[in-house]
Amino acid sequence: MKTIMKTTCASVFGVLAASTAMADGHAQSWDMPMAYASTNFHSEHGVIFADKVREYTNGAIDITVHAGGSLFGGGDIKRAIQTGQVPIGERFMSAHANEAPLLGWDNLPFIATSYEDNARLWDAAKDTVNAQLADLNLVALYTCPWPGQGFYFNKEVKSSADTQGIKFRSYNSATATFAEELGMIPVQIEAAELSQALATGVASAFISSGSTGYDRKVWEHLSHYYKVNAWLPRNYVMVNTQAWEGLDDDVKAGVQKAADETAASCAAKSAELSDFYFEELAKNGMTVTDAGPEFLAELEAIGAKMTEEWLATAGADGQAIIDAYNAN
Ligand code: PCA
């Protein structure tokens, strides 16, 4: 934990103090930790968002992006925001499903596997998710999907007969369950530490998009990518509730306009890049294919079970999201 929120007018600590500075008419400097590589489109959109915020708030909010987990590691970002150590930040939403199961709404296998369906699912989930985040002292400004999730291995995999005993890097509790169902041994590792984990043998398989495989140059360690397209999970940019509520209405409107525009641009970029990532993995020597029928059938069966388990933990609110999604 290195930096706290600063104001340009005084050396003060914490969200409330900075909000007071705002009322005095001074600009606020907001440090914004982000979890993923600085060259990743999510992080690049964090910078686009910061530029838009400066523009639309007439300089009232000056956001500095710290990508790659450089200010806070991915696993610490939410708490840093909740407790006001930083006012704003970005993280993978379903990483928080262990604390609030509802936040795993976008990790349901084979439910919403296109960008259009993923957007419809978010529309169905948004109000409930925002209410959940309010309980956690957070306000979501925008969310942005990763490309579809598939499996990385260091060998050909035709079915779970080939996955027994493999050490598997998971990124949340749902993916740990997925791994266990396939006879693998999950270990949770941040994307920022993935290359090292593969290099040292801490893990030799994982589930992710082509994007993270590309960012982490995983062709140096792994040989096969199966484009399962199981789900398109989202990152979200969240702000501490007191920091948000301390803003004047016109500043809030400027920030929200920046967020809405960034959300649209980030989702479009994600879609645009998804094939590029596969091409790059292949160019660098990986075999990039669809999962074979036997493996896919197993994944679908596990997926159905995972959705049932999620519905059991997320309760009526979770069911309402699925019902609203299916009704559209
Ligand atoms: N990349 C992130 C989350 C989902 C994705 O595609 C990761 O692997 O950590």
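List of remarks:
- Rg/Rh for the range 137-184, where both radii come from Cα atoms and Rh is the Kirkwood radius: 1.14
- Between the residues 45, 244, 192, the greatest Cα displacement towards the positive end of the dipole of the chain, with unit charges on the Cβ of Lys, Arg, Asp and Glu, is found for 192.
- Net charge dipole, the chain: roughly 740 debye, given to the nearest 20, about the Cα centre with Cβ charges of +1 for Lys and Arg and -1 for Asp and Glu.
- Built amide H within the under 5 Å cut-off of residue 187, gap 5+: 168, 169, 170
- Per residue, the average separation of C-alpha pairs within less than 8 Å and at least 6 apart gives the chain a relative contact order of 24 percent.
- In terms of the mean number of neighbouring beta-carbon atoms within 10 Å, the peptides 246-256, 210-220, 154-164 order highest first as 210-220, 246-256, 154-164.
- Taking other C-beta atoms within 10 Å as the exposure proxy, 310, 231, 122 rank 122, 310, 231 from fewest upward.
- Volume in Å³ per residue [convex hull over Cα atoms, computed for the range 198-285]: 128 Å³
- For the chain, the longest principal axis of the C-alpha atoms and the axis of helix 293-327 are separated by about 30°.
- Highest average first, the peptides 285-294, 233-242, 269-278, 30-39 ordered by how many other beta carbon atoms sit within 10 Å of their residues are 233-242, 30-39, 269-278, 285-294.
- Annotation: the range 17-125 has a Kirkwood hydrodynamic radius of 15.5 angstrom, from the mean reciprocal C-alpha pair distance.
- Here the dipole of the range 109-232 is about 320 debye; that uses its Cα centre as origin and unit charges on the Cβ of Lys and Arg (positive) and Asp and Glu (negative).
- For the pair the range 253-281 and the range 102-127, the centres of their Cα atoms are 16 angstrom apart.
- Projected-area average for the range 259-328 over all orientations - Cα convex hull basis, square nanometres: 7.7 nm²
- By the Cα gyration tensor, the chain has an equivalent ellipsoid whose semi-axes, rounded to whole angstrom, run 35, 21, 17 from largest to smallest.
- Once the C-beta distance of residue 55 and residue 119 is scaled by a Förster radius of 30 Å, the resulting FRET efficiency is 0.70 to the nearest 0.05.
- Divided by 2.2 N^0.38 Å, where N counts the residues, the Cα radius of gyration of the range 59-211 comes to 1.13.
- Using Cβ point charges alone (K and R +1, D and E -1), the dipole size of the range 171-320 about the Cα centre works out to roughly 340 debye.
- With 10 Å bins beginning at zero, the pair-distance distribution over Cα atoms of the range 79-121 amounts to 24, 41, 25, 10 %.
Quick note: the coordinates plus some simple rules give every number you see, no bench work behind them. Here the structure is a predicted model, which is why all the values come from computation and not from measurement. Cβ: placed from backbone, ideal geometry, glycine included. Neighbour counts: every protein chain shown.
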